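J.: Could you have a look at this structure, given as structure tokens, before my questions?
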Amino acid sequence: MSGLALVCARLGATVTGSDRAESSYMQRLRRAGLEPHLGHHRANLPQGAEVVVSTAIGEDNPELALARERGVRPIHRGALLAELCAGKRLIAVAGTHGKTTTAAMLVWALRAVGADPAFFIGGEVPGLGEGEQPANAGWGEGEWVIAEADESDASFLRLGPEIAVVTNLEMDHHSRWGSLAELRGAFGEFVADAAAVVLPADGSLDDLIEGRNPPAGQGASDGSRERPIGGFGAQAPGPADLALAVPGRHNLLNARAALAAIELAGFDPDGAAAALAGFPGVRRRLELKGERNGARIYDDYAHHPTEVRAALSALREKSPTRLLAVFQPHLYSRTRALAADFGAALALADEVAVLDVYPAREEPVGRLAGVSGLSVAQEAAERMGGRPVWWLPGAEQAGAALGPRLAPGQILVTIGAGDVFKLGEALIAEGDE
């Protein structure tokens, strides 16, 4: 939403808005000359304004209610994103994991090979903003636009990419998708009209394009020629040895996916690969926050078992004397469905602490009643072989318990899509006092 606000202002619109909590995104809007309101109130809505909302906005939101009273039909953020992207050649990056980093790598590398793409990314990337500031969106003057395509609310189906990238596919948003088959069908729709498609080279997602004809205007007159398909794996495309500043095999795959799209777009993949050696990563993706008592403290946005496993495996590459993971489950529905898988993934750490669920847009009612982070802690304890597992529902409890235990050579990583990163920041601040 903040990225859309920034680009709309850049294109000449008068933009206002609100959010329920302070954040770095709010601060960036202010630096750009916008004045977002803290808290949702009817007084925030100007007369005559169009209203753009995200899926997280409930029907009882006072600004949304006032808009409807005025006869204003709300615009979903996905619809606005699609409208903005329609004016350029679109590379859209979808997938359960890695789409933010892959999209960010695309922007970084395309700039290095002479393109100036517009972009909309679901995370802050150092160096992409004015004066090397972090940015999650921008309106470049080039012909391409890079967009992260979000499947969580099916809004990615509004996009019409020329090049569609799918990094991987797993069940994640259980409140929206009833089954993996339904989700695969939606991803099939996402790639159906793209002129070119990038898929994993292992063939795991080939069914998304099997039996589908090339879009109109693609292929020979008899429709026999297939549209270009880019495959990405550990060794292609780009040079055999791909040097990256960001750790982990998952980031190597993200880079290969980005290079495959760059090659399909007609740019030099080798030059782009060289540029990725300087890619700093995305904030909240294995981000080094600081130190406490000589222990390094990282933060990662992982909120799916596969992502948790990838983050912990990447941190193992840094050879810590002890790896402590503090996990905050995100959404009751996801916790209910994946508690055992989260426990198995967390068992890659030497010590685990689990906080209570960050609810986001959900309430623990109905079938979600009684769901808590305790189930994840119990599942982790069953797999840890006697190694410590803490059930610390509140961040203050976790800080008090874990802070004194940190020592030189250790790594503590906060994991989750909620506000668990504040715990790491507090531990660092307390250590500096």
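Rule-based calculations on the coordinates, nothing more; no lab input. These numbers were taken from a predicted model, which means no experiment stands behind them. We place every Cβ from the backbone using ideal geometry, glycine too, and count neighbours over all the protein chains shown.
J.: State the label only: which of (i) 25.1; (ii) 29.3; (iii) 22.4 corresponds to mean projected area of the Cα convex hull in nm² computed from the shown model?
T.: Calculated mean projected area of the Cα convex hull in nm²: the matching label is (iii).
J.: List the relative contact order of the range 79-276 as a percent without decimals, with contacts defined as Cα pairs under 8 Å and 6+ residues apart.
T.: Details: 380 pairs, mean separation 46.0, N = 198.
Over the range 79-276, the number comes to 23 percent.
J.: How big is the C-alpha Rg of the range 79-276 next to the rule-of-thumb value 2.2 N^0.38 Å, as a ratio? Each step should come with its number before you reach the end.
T.: On the way: Rg = 15.9 Å, N = 198, 2.2 N^0.38 = 16.4 Å.
My calculation over the Cα atoms of the range 79-276 gives 0.97.
J.: Moving to a separate point now. Enumerate the lysines that Lys422 could reach by cross-link, defined here as Cα to Cα under 25 Å, with residues fewer than 8 away along the same chain left out.
T.: Lys99, Lys289, Lys318
J.: Hey, another quick one. Restricting to bridges with both residues inside the chain, how much of the DSSP beta-bridge set is antiparallel, in percent to the nearest 5?
T.: So the antiparallel bridges amount to about 15 percent of the total.
J.: Continuing with the same structure: Report the Cα centroid-to-centroid distance between the range 378-433 and the range 1-45 in angstrom, as an integer.
T.: The range 378-433 and the range 1-45 have Cα centres separated by 33 Å.
J.: Related question: Sequence gap at least 6, Cα distance under 8 Å: using those rules, report the relative contact order of the range 287-432 to the nearest whole percent.
T.: The normalised contact order for the range 287-432 reaches 38 percent.
J.: Next up: For the ranges 323-335, 353-365, what's the packing order if you count other beta-carbon atoms within 10 Å of each residue, average per peptide, and put the highest first?
T.: 323-335, 353-365
J.: Here is a further query. Would you please give the residues with an amide H less than 5 Å from that of Ala353, counting only those at least 5 places away or on a separate chain, with H modeled from the backbone geometry?
T.: It is Ala325, Val326, Phe327, Trp390, by chain and number.
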